[in-house]
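Everything below concerns the one structure shown next.
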Amino acid sequence: ALARKLVPLEQVGRIVPALDGSAGRNRAPGYCLIAARHDLEAIQAYLSRFRDRDKTARAYQKELERFLLWCVGTDDCEHYKDFLAQPDPSWIGPKAPRTSARWRPFVGALKPESQRYAVLVLRGFFAWLVSMRYLGGNPWLLVQDPLTTRREVPIAVDKALPAPLWRALVQPDGILDRLCAQWPAVPVAAPLTAKAVDAPGAQYRLARAAVLLLGCSGARREEAAGAQRCHLQPVPEQAGMPAGLWELALRGKRQQWRTVFLPARAIDALRAHWADRGHDFENPDQELALLSPVVIPSTRTAQAKHLSEEHGAPVLRGKGFSPDGLYQLLTTTLVRVADDATLPLSEAERNQLRHVAPHALRHTFATHAVANEMPADVLQRLLGHASLQTTAHYVRAERARGLAAVAKLYPGLS
C-alpha cells in the first residue's frame, strides 16, 4: 500500500481533501499571510524561499516530501521520528532519477545525525507556518531531538586521497594523462554521442579537468559546476610569484564570492577539454561553464539543454553540469580507473578510488595544503569556511597522522 504513494514532491498533483490539511485542527484562525489553501501549497510556498539556493532547496525538499508522504497515513510527530530511525523497507531503494518508477524516499537507514537534521528542518518549517498564520502551533516543539554522538572531527578528512595516489593520478604522464593519450584529440566536427569512437578520450579529458579543478582549488562540487570562463584569468607575473598561476572567482555558500588559484597544469587540462567542446578557451569574456558535457545523451531534455544549431549543424552550448551530474561523472570515471587492470595501482588504492566522491578532492587539497605548512587563515579563505575552527579540523588531522607516524618508530614503548 505504501509503495503506491511513493512519488517525488513535484509529481504530487493533489491530496484528497480529507487528508490535505485544509480543515486541520491546527489551522490558525484569522488571516493567513501566504496564499496556501492546503499543506501541499504550504510546502511549495516554503521551498520557494530557497529557489536561489539550490543545495539548501534540495535538502529541505527531501525532508519535507518524506514527511508529506508519511503524513498521508498518520500525523504524530513522535511516530515519524521513530520512522526516521527505521524506515519501512518499501520506502528504501537504490538511488534513481526522480522521474523513475524505482525512485524511493530513502536509499538506506539514516544515521543519527541525519535523523536529527530531519527533525530540525521540520521544526523550522513548522515554525515558519506558525509565523505565517497558517498553523496555530508547532507540534515539533514537543519532540526531543534524536540522540547523536558528537564527533571530535566531523569533517571526513580521512577520505582525502593520500599524496602518492594523488600524484599518480594527476602528475604529467600520470594515470589520467595515459588514459587521455589512448584517444588523441581530434578536431570537433559535431557533438559526440556515447557510441562515437572519440567519446572515451573526450570523457577522460573532461574528467581530468574536473579532478584538477577540484583537487587544486578545494572547490565544492556545486561551485565547480557553476564556475565560468569569464571568472578565470591569469595572475599577473610579479617578483616572488610562480609563473603560470591563474585565479578563479567562485560563488559558494551564502552566495559569497571568493578567489582560488589554479596551476598551469589545471589550465592545460581545461584547454584540452574546451578543444573537445569546440570552444575557444582563449576568449576570456565568455559566460560558458568551465566544465560542460561533451557526450550528449539522446534524451529530449539533454539535447535541449546542451545543443543549439548553427548553420544547420548541432553545436554544444557550453552549459554546465548540475552538481549531481558532476558527481556522477567523477565517480563513474574513478571507478573505471580503479577497474583498469593495466594501470599501476595497488589493490588498496583501487578500493579507495571506487569510493571517492568529489568532496574527497576538497579534503585532498586541504590536507595537502596543511602538510605543506599553508597558514590556517589562508586555507580558511581558499576553502570558504565561515569559521577558522572548521579549517582547524584539517590541522588536527594532520597532527594526528604525524603522531601515528612517529609512534611507529618506537614500537617497544607504550
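Annotation note: of A96, A101, the sole residue that is farther than 20 Å from P146 by Cβ and either assigned to a helix (DSSP H, G or I) or under 20 Å from the mean Cα position of the chain (by Cα) (or both) is A96. In the set R221, R205, only one residue is surrounded by 15 or more Cβ atoms within 10 Å (Cβ to Cβ), at pLDDT 95 or above and either in contact with an Asp or Glu (Cβ under 9 Å, 6 or more places away or on another chain) or outside the structural domain of R178 (by TED's automatic domain parsing) (or both); that residue is R205. Listed by position, the helices (runs of 4 or more DSSP H) contained in the range 325-397 that have at least 1 residues being surrounded by 15 or more Cβ atoms within 10 Å (Cβ to Cβ) and touching a strand residue (DSSP E or B) at 6+ places or on another chain (Cβ under 7 Å) are 376-383. Tell me, which residue of the range 205-228 that is in contact with a Phe, Trp or Tyr (Cβ under 7 Å, 6 or more places away or on another chain) and of a type outside the set (A, V, I, L, M) is nearest to P323 (Cα to Cα)? Only one residue tops the list, namely R221.
Scanning for something in contact (Cβ under 8 Å) with a residue 24 or more places away in the chain, of a type in the set (K, R) and surrounded by 18 or more Cβ atoms within 10 Å (Cβ to Cβ), does the range 270-283 turn up at least one residue? Yes, there is a match, as at least one residue in the range 270-283 is in contact (Cβ under 8 Å) with a residue 24 or more places away in the chain, of a type in the set (K, R) and surrounded by 18 or more Cβ atoms within 10 Å (Cβ to Cβ).
Matching residues to (1) under 33 Å from the mean Cα position of the chain (by Cα); (2) modelled with pLDDT of 90 or more:
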position: L6; (1), (2): yes, no
position: E10; (1), (2): yes, yes
position: V16; (1), (2): no, no
position: G30; (1), (2): no, no
position: A36; (1), (2): yes, yes
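Filtering the range 175-190 to residues that are at pLDDT 80 or above, over 19 Å from V335 (Cβ atoms) and in a loop (DSSP other than H, G, I, E, B) leaves P184, A185. Take the conditions outside any loop (DSSP other than H, G, I, E, B) and at pLDDT 90 or above and apply them to R254. Does it pass? For R254, the condition - outside any loop (DSSP other than H, G, I, E, B) and at pLDDT 90 or above - is not met. I'd like to know if the range 129-151 contains one or more residues that are at positive phi and either modelled with pLDDT of 90 or more or of a type outside the set (S, T, Y) (or both). Yes; the residues of the range 129-151 include at least one that is at positive phi and either modelled with pLDDT of 90 or more or of a type outside the set (S, T, Y) (or both).
Evaluated against (1) closer than 24 Å to E41 by Cα; (2) surrounded by 12 or more Cβ atoms within 10 Å (Cβ to Cβ); (3) within 26 Å of the chain's Cα centre (by Cα), P112 falls short on exactly one condition, (1). The residue pairs whose first member lies in the range 108-130 and is under 16 Å from R58 (Cβ atoms) and not assigned by TED's automatic domain parsing to the domain that holds A36, whose second member is surrounded by fewer than 15 Cβ atoms within 10 Å (Cβ to Cβ) and of a type outside the set (A, V, I, L, M), and whose beta carbons are closer than 7 Å, counting only pairs six or more residues apart or on different chains, do not exist in this structure. Would you confirm whether any residue within the range 67-76 is touching a residue at least 60 places away in the same chain (Cβ under 8 Å) and assigned to a helix (DSSP H, G or I)? Yes.
Here is the figure for the range 43-74: residues that are in contact with a Phe, Trp or Tyr (Cβ under 7 Å, 6 or more places away or on another chain) and closer than 30 Å to G226 by Cα total 7.
Regarding the range 366-383, can at least one residue be identified that is under 13 Å from K159 (Cβ atoms), in contact (Cβ under 8 Å) with a residue 40 or more places away in the chain and in the same structural domain as S217 (by TED's automatic domain parsing)? Yes: one or more hits.
The values are calculated or read from the model by the stated rules, or taken from the named source; none is laboratory data. Model, not experiment: these values are computed from the prediction. Every residue, glycine as well, gets a Cβ built from its backbone with ideal geometry; the counts of neighbours run over all protein chains shown.
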